[in-house]
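Computed from the coordinates by the stated procedures, all read-outs in this text should not be read as laboratory data. As the structure is a prediction and not an experimental result, all values here were calculated from the model. Please note: Cβ atoms are built from the backbone with ideal geometry, for glycine as well, and neighbour counts cover all protein chains shown.
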Amino acid sequence: MAKINFYLRDANTSKITPILLYVSYNGERLKLPTNQTILPEHWNEKDQKPRKSLKEHPEFTARLRKLDSQVNNIILKFQNEHENRFPTKDELR
């Protein structure tokens, strides 16, 4: 199972910033865009998700959970189709 983390591109800005997805698996680490943006003041860095004070918190959190699940499913499907081999970074992109 891959370890998924979400980080802001620039946590110290006062402007909207992209959320990046970091996936770690089998000694590899890959940074991917999520196509999601947020103001840093609405981001809980420790929990890696939007703060509950954000109006769209439930939907936003659900989108990030879905991305987490999709990445893990892609890796598992790849392993099933390639004799349990992990994908390379390029193959996962």
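Things to note:
- Total formal charge among the other residues, if their Cβ is under 14 angstrom from that of Asn35, Lys/Arg +1 and Asp/Glu -1: +4
- Residues in the range 16-54 that a label on Asp10 would reach, taking backbone N under 15 Å of a point 7 Å out along Cα→Cβ: 16-20, 37-41
- Point-to-point label distance, Glu59-Asn72, nm (Cα→Cβ direction, 7 Å offset): 2.5
- Per-residue ellipticity at 222 nm computed for the chain from its helices equals -10000 deg cm²/dmol, with DSSP H segments shorter than 4 residues left out and the rest contributing -39,500 (n - 2.57).
- Here the average projected area of the convex hull drawn through the C-alpha atoms of the range 11-54 stands at 3.6 nm².
- Computed from Cα positions, the angle between helix 57-81 and the longest principal axis of the chain comes to roughly 10 degrees.
- Expressed in units of 2.2 N^0.38 Å, where N is the residue count, the Cα radius of gyration of the chain is 1.18.
- Here's how it looks for Gln36: its modeled amide H is under 5 Å from those of Ile19, which are all 5 or more places away or on a different chain.
- Using the Cβ-Cβ distance between Lys89 and Lys46 with R0 set to 41 Å, the FRET efficiency from 1/(1 + (r/R0)^6) comes to roughly 0.90.
- Considering only Ser14, Gly27, Ile74, and ranking their Cα positions along the charge dipole of the chain that arises from unit charges at the beta-carbon of Lys, Arg, Asp and Glu, the one farthest toward the positive end is Ser14.
- Near Arg51, the amide H atoms lying under 5 Å from its own belong to Trp43, Asn44; only residues 5 or more places off or on other chains count, and H is placed 1.01 Å from N.
- Rounded to the nearest 20 debye, dipole of the chain from Cβ charges on Lys, Arg, Asp, Glu: 220
- Three-way shape call for the range 44-93 based on the alpha-carbon gyration tensor, with the a/c threshold at 1.5: prolate
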